[in-house]
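Rule-based calculations on the coordinates, nothing more; no lab input. As the structure is a prediction and not an experimental result, all values here were calculated from the model. Backbone-built Cβ (ideal geometry, glycine too); neighbour counts: all protein chains shown.
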Amino acid sequence: MAYVYLLRCADGSTYVGSTRDLDLRLFQHNQGVGAAYTRRPGRRPVVLAWSHRCEHIGEAFALEKQIQGWSRAKREALVSGEFELLPGLASKDFGAKSDWYPSMEDPDAVG
């Protein structure tokens, strides 16, 4: 069994990690022997905001890396259980037309 987890730090930031022993890892973070990120001044204490159990550590690690790339808004939606919002909170919208891109109808247009 393995876990991917999201911590809320005392300074309001979040930290995403993965582990085989969630209780021990949370204890380590709060003792200042966890990740370098949570050892920094002002980050402790940390509280567990969200976790997900995975069958294998490799699965948990892959999910950790995915969530680490998410925006703060997307992480907050995950924590609050608003899963239907996740697709709309993607950091890149490949279908959106950029405001700065010249119009195809007017070849002389400059954003």
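Output the residues belonging to the stretch 1-25 that are more than 11 Å from I67 (Cβ to Cβ) and touching a residue at least 40 places away in the same chain (Cβ under 8 Å).
M1, A2, Y3, L7, R8, T19 - these are the residues of the stretch 1-25 that are more than 11 Å from I67 (Cβ to Cβ) and touching a residue at least 40 places away in the same chain (Cβ under 8 Å).
With the stretch 1-79 as the region, which helices (runs of 4 or more DSSP H) entirely inside it contain at least 3 residues that are more than 26 Å from A90 (Cβ to Cβ)? If you could, list the steps in order and put the result at the bottom.
Details: elements: 22-31, 36-39, 57-68, 72-79.
The qualifying helices (runs of 4 or more DSSP H) are 22-31, 36-39.
If we keep just the residues of the stretch 37-57 that are under 17 Å from the mean Cα position of the chain (by Cα) and more than 19 Å from G81 (Cα to Cα), which is surrounded by the fewest Cβ atoms within 10 Å (Cβ to Cβ)?
Y37
Would you mention how many residues in the stretch 13-36 are crowded, with 18+ Cβ neighbours inside 10 Å, more than 19 Å from G81 (Cβ to Cβ) and out of contact with any helix residue (DSSP H, G or I) (no Cβ under 7 Å at 6 or more places or on another chain)? Even if it seems obvious, please write down each step before you answer.
The first filter runs over the stretch 13-36 and keeps only residues crowded, with 18+ Cβ neighbours inside 10 Å, leaving 14-19, 22, 25-26, 29, 34.
Now narrow it down to the ones that are more than 19 Å from G81 (Cβ to Cβ): 15, 17-19, 25-26, 29, 34.
Retained after the next criterion (residues that are out of contact with any helix residue (DSSP H, G or I) (no Cβ under 7 Å at 6 or more places or on another chain)): 25-26.
The total comes to 2.
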